[in-house]
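Asker: My questions all concern the structure below.
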Amino acid sequence: MNAASRDTSIARVQEELTTIARRGTARVRRENEALSFVDQSLLSYIAANPGCRAVEIAAHFRLNRSTVSRQLGALAEFGLIATADAGAPGRGRGQALHLTAAGESAMRDSSDTVLAALTERLSGWAASDIENFARMLERYNDIGDD
């Protein structure tokens with residue numbers, strides 16, 4: 001593959017990823033779900049890493065710490081996350097986070113909705129194509145320690 005073909009293919013990947021993101025946003029608006037894709041990704045990370053801190057989340061998603069802090073603040077306001085010592089002074093980025101019961105429920109409901117939509121979207125695909133697609137996405141998301 002020459003450089004021009006590679007660039008064209010990369011542009012196609014960008015277009016397709018943008019379409020996926022737009023469809024996800026449209027689904028949230030259409031179904032009036034409480035969780036955006038960003039909310040769900042943050043809750044999912046916290047669920048998988050109980051006691052994590054905002055700085056760890058920022059590093060994982062390669063986001064600015066202030067952006068993550070604002071997003072976490074909104075989740076806390078909605079009662080979806082809390083700190084281990086929620087009543088203690090000095091709340092901030094260094095606090096260990098966990099999901100509340102409401103956060104667990106919202107994440108589960110949202111995840112079920114997304115999984116059902118994905119299952120429907122892939123219903124005509126061969127199992128081997130789904131496996132290959134999953135493997136390619138894992139490879140794409142494996143950003144390593146760079």
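Asker: Which of the residues spanning segment 40-79 are touching a strand residue (DSSP E or B) at 6+ places or on another chain (Cβ under 9 Å) and β-branched (V, I, T)?
Answerer: I46, I57
Asker: Next question, about the same structure. What's the total number of residues in segment 43-63 that are out of contact with any Gly (no Cβ under 9 Å at 6 or more places or on another chain) and in a helix (DSSP H, G or I)?
Answerer: Of the residues in segment 43-63, the ones out of contact with any Gly (no Cβ under 9 Å at 6 or more places or on another chain) are 44-45, 48-52, 56-63.
Right, trim to in a helix (DSSP H, G or I) and you get 44-45, 48, 56-61.
The qualifying residues number 9.
Asker: Considering only segment 95-146, how many residues are open to solvent by less than 50 Å² (accessible area, probe 1.4 Å), at pLDDT below 90 and outside any helix (DSSP H, G or I)?
Answerer: 1
The values are calculated or read from the model by the stated rules, or taken from the named source; none is laboratory data. No experiment lies behind these values; they were computed from the predicted model shown. Every residue, glycine among them, receives a Cβ derived from its backbone with ideal geometry; neighbour counts consider all protein chains shown. Note: areas computed on protein heavy atoms with side chains; ligands, DNA, RNA excluded. Shrake-Rupley method; radii C 1.70, N 1.55, O 1.52, S 1.80 Å.
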